[in-house]
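Engineer: If you scroll down you'll find the structure; I have some questions about it.
The values are calculated or read from the model by the stated rules, or taken from the named source; none is laboratory data. A quick note: this is a predicted structure, and the numbers were derived from the prediction, not measured. Note that we place each Cβ from the backbone using ideal geometry, even for glycine, and neighbour counts take in every protein chain shown.
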Amino acid sequence: MKAKDLKQVKQSLKSTPFILHEVQLMYHKREIPSMTKIKCSYDAYQISLSCYDEKTIGIKESFFLLCLDRSNNVRCIAKISEGGISGTVTDIRLIYATAILSLASGIIVVHNHPSGNIQPSESDTKITQKIKEAGNIMDIQLMDHLIINGLLTETDKYYSFADSGII
């Protein structure tokens, strides 16, 4: 690039306003009991159920994030995305933007399968690995990924990647 061209670029940058979009942390509408501690996958499952609307859990897929402190107390619960009958977009950048803003040391991600089939799909396994790898870089541990049965049946209520040894 010529010096004249570089000067024009610099001048253009000075006169062009930059818009920086801020990520705002929005907490789930239900209150989190103070010092709610996650000791096992069932605890995370129980807390996660409060995120879902009973009327829509069997209709559309939603992805939630539980942010934890060093003692595994829940700092915040955030909805990352809501999709359709067979899927939702999972943006790793939104997950970690939320985790960083909440000063999380660890995270648990949760989504439902409206079909009632709690077995992870290939895309569920791939996104779990990507979330884990991103967390390793930022020193925010992925503690678990739960898949909740959208039919809320008595058997096979959820699948835990941690309990299955995948995480």
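Engineer: For the stretch 45-68, give me each residue that is within 21 Å of ALA104 (Cβ to Cβ) and not aromatic (Phe, Trp, Tyr).
Structural biologist: Result: GLN46, ILE47, SER48, LEU49, SER50, CYS51, SER62, LEU65, LEU66, CYS67, LEU68.
Engineer: Scan the stretch 115-130 residue by residue and report those that are at pLDDT 95 or above and in contact with a Ser or Thr (Cβ under 8 Å, 6 or more places away or on another chain).
Structural biologist: Within the stretch 115-130, PRO120, ILE127 meet the criteria.
Engineer: Going by the conditions given, is ILE85 closer than 19 Å to ILE47 by Cα and modelled with pLDDT under 95?
Structural biologist: no
Engineer: A further question on this structure: If I ask for residues that are surrounded by fewer than 20 Cβ atoms within 10 Å (Cβ to Cβ), among the small types (Gly, Ala, Ser) and within 26 Å of LEU103 (Cα to Cα), which ones from the stretch 114-167 would you list?
Structural biologist: Residues satisfying the conditions are ALA134, ALA162.
Engineer: Yes or no: ARG30 farther than 27 Å from ASP139 by Cα and either touching a helix residue (DSSP H, G or I) at 6+ places or on another chain (Cβ under 8 Å) or modelled with pLDDT under 95 (or both)?
Structural biologist: Criteria met by ARG30.
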